[in-house]
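Structure first, then comments.
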Amino acid sequence: MPSATGSSEPAEGAPAAGAMTGGCLCGAVRYRLDGPLGPVVMCHCLQCRRAQGGAFALVAPVRAEHFVL
């Protein structure tokens, strides 16, 4: 779909089609994942429980070259 400028190319810095984006609630930190997620696992280790403040954490590995901070 063409952008407002008439180009079908994404704007520089815009996420690619299928990319996942996110960040913190205040907006100070933003990230983008341009590749696939690894297998999603539910971890119950002490470190993950402390980091999430709950009984478990859902985590998925990603390749560093696909992660943009």
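What follows is calculated from the coordinates using simple rules that are stated; it is not laboratory data. Since the model is a prediction, treat every value here as computed from it, not as a measurement. As a convention, Cβ positions derive from the backbone with ideal geometry for all residues, glycine included, and neighbour counts pool all protein chains shown.
Descriptive notes on the structure:
- Extended-chain gain in nm, criterion 0.36 nm per residue less alpha-carbon gap, residue 63 and residue 40: 6.9 nm
- Using a Förster distance of 22 Å, the FRET efficiency for residue 56-residue 29 (Cβ separation, nearest 0.05): 0.40
- For segment 32-47, backbone phi angles converted through the Karplus equation (6.51, -1.76, 1.60; θ = phi - 60°) give residue-by-residue couplings of 9, 10, 9, x, x, 7, x, x, 7, 10, 9, 9, 10, 5, 4, 4 Hz, Gly and Pro being listed as x.
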